[in-house]
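Structure first, then comments.
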Amino acid sequence: MVMPALGFLPIIVDSSAPITINAQIAEQIKLLIVMGELQSGQALPTTTQLAKHLGVNHNTIASVYNDLISSNYLVAQRGKGTFVAQTQAVQQILNHKHFYNLLSEAFTAAKHVGLSPSEFGAAAYGQAVMMNRKQATPLKLVFVEGLQYEADVYEAIKSEIKQHISVLSLEDLKASQPKALEELFAADLIMTRGQHLWEVTQIAQSEQEVIKVDIKPSRQLLTQIFSLPRNALMLLVDQSKGGSEVIKEMLTQVGIFHIKSQTLDLEYLQQNLQLLQQADVVCVSRLVEDYVRQCSPQPDKVIVFNFDLDETNMLVIKARLAAIQLALATT
């Protein structure tokens, strides 16, 4: 059902305002939609009617209507007129009504200190421009990985903090590869696993902050391992011996002492596949999971070393990110 057109729109035009007349009219039309004075399907005055009411040129109103039609706030129907659209753009500003309420509260406060609407608009625009300039450049974050399985750690961090992170190889940094060093030295914050913290700190510049990322075995994995009988044999397999040793250390830190464990790299396992028959369970990194399952006479004995990010450690990292962002925004 088409709603009748308003006889006039409660719009005010201020020629001394710091924004164009077109923008004033367009924003007030959107505000009327947000406040429910204009609803989807409702007809607007003709360009001639609104131009006469506001005392502006007919072409000005035509330009405003065309812009709002292009941005899906209004829709034109040939021979019938211009109407408030029923689109995602309209629904989106209706969902953001709280934003307009905040503006209203801000202007009420501005009136108390004597600011006119034009002065308030200019001040709000200036503040927005400055804040946007300060926050336009995102933080440069780097994660330094030393073991192949740590690519999963990198993905987990990126998903948690929802910011872009560059990943660098510790081996490249130790080899002083120029491109890797250049990216490291440009970082606002450097993250790495605890076992690499000292090495990465020595490579980074003295004023740079390097923070460790803590992970722990997932609850599901711990449940599987704690359910094993005493003295059961568990193989720990990774692409490298160092990787499997790290897995053993993390399991030990959470109190896994009731079973026997043997750390292997993939190459050693390939040469001694009989070990898969002797083991009660085989815990593998994701890097070698497919190969070990294919070779194992009992694939159901193969479990994957899944991990969780340490909650307290992530709170620390997020707090540091917020502090660094604030410091950059105020300099």
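The values are calculated or read from the model by the stated rules, or taken from the named source; none is laboratory data. This one's a predicted model, so the numbers in the text were calculated from it and none came from an experiment. Methodologically, a virtual Cβ is constructed for each residue, glycine included, from the backbone with ideal geometry; neighbour enumeration extends over all protein chains shown.
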task = Taking the residues in the stretch 40-62 that are among the small types (Gly, Ala, Ser) and surrounded by fewer than 17 Cβ atoms within 10 Å (Cβ to Cβ) as candidates, determine which candidate is nearest to Phe8 (Cα to Cα).
result = Gly55
task = Report the residue count in the stretch 205-219 for those that are farther than 17 Å from Met191 by Cβ and touching a residue at least 12 places away in the same chain (Cβ under 8 Å).
result = 3
request  = Report the residue count in the stretch 241-286 for those that are out of contact with any strand residue (DSSP E or B) (no Cβ under 7 Å at 6 or more places or on another chain) and aliphatic (A, V, I, L, M).
outcome  = 3
ask   = Inside the stretch 76-101, can you point out the residues that are out of contact with any helix residue (DSSP H, G or I) (no Cβ under 8 Å at 6 or more places or on another chain) and not in a loop (DSSP other than H, G, I, E, B)?
value = Gln77, Gly81, Phe83, Gln88, Ala89, Gln91, Gln92, Asn95, His98, Phe99, Asn101
task = Name the one entry in Ser40, Ser16 that is out of contact with any His (no Cβ under 6 Å at 6 or more places or on another chain) and either over 25 Å from Pro117 (Cβ atoms) or aromatic (Phe, Trp, Tyr) (or both).
result = Ser40
request  = Test Thr108 against the stated conditions and say whether it is modelled with pLDDT of 80 or more and either in a helix (DSSP H, G or I) or closer than 20 Å to Ala17 by Cα (or both).
outcome  = yes
Filter result (assigned to a helix (DSSP H, G or I) and either closer than 30 Å to Ile157 by Cβ or in contact with a strand residue (DSSP E or B) (Cβ under 6 Å, 6 or more places away or on another chain) (or both)) within the stretch 287-315 = Glu289, Asp290, Tyr291, Val292, Arg293, Lys301, Glu311, Thr312, Asn313, Met314, Leu315
ask   = Can you spot a residue in the stretch 57-72 that is among the charged types (D, E, K, R), at pLDDT below 90, under 22 Å from Ala124 (Cβ atoms) and not assigned by TED's automatic domain parsing to the domain that holds Ser118?
value = no
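Here is a yes/no grid of residues against (1) modelled with pLDDT of 95 or more; (2) farther than 19 Å from Glu199 by Cβ; (3) among the aliphatic types (A, V, I, L, M):
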residue	(1), (2), (3)
Ala128	no, yes, yes
Pro138	no, yes, no
Glu145	no, no, no
Gln148	no, no, no
Ile161	no, yes, yes
His164	no, yes, no
Leu181	yes, no, yes
request  = For the stretch 306-323, enumerate the residues that are in contact with an Asp or Glu (Cβ under 8 Å, 6 or more places away or on another chain) and surrounded by 16 or more Cβ atoms within 10 Å (Cβ to Cβ).
outcome  = Phe307, Leu309, Asn313, Met314
inquiry  = What's the number of the only condition in (1) more than 26 Å from Phe120 (Cβ to Cβ); (2) part of a helix (DSSP H, G or I); (3) out of contact with any helix residue (DSSP H, G or I) (no Cβ under 8 Å at 6 or more places or on another chain) that His53 fails to meet?
reply    = (1)
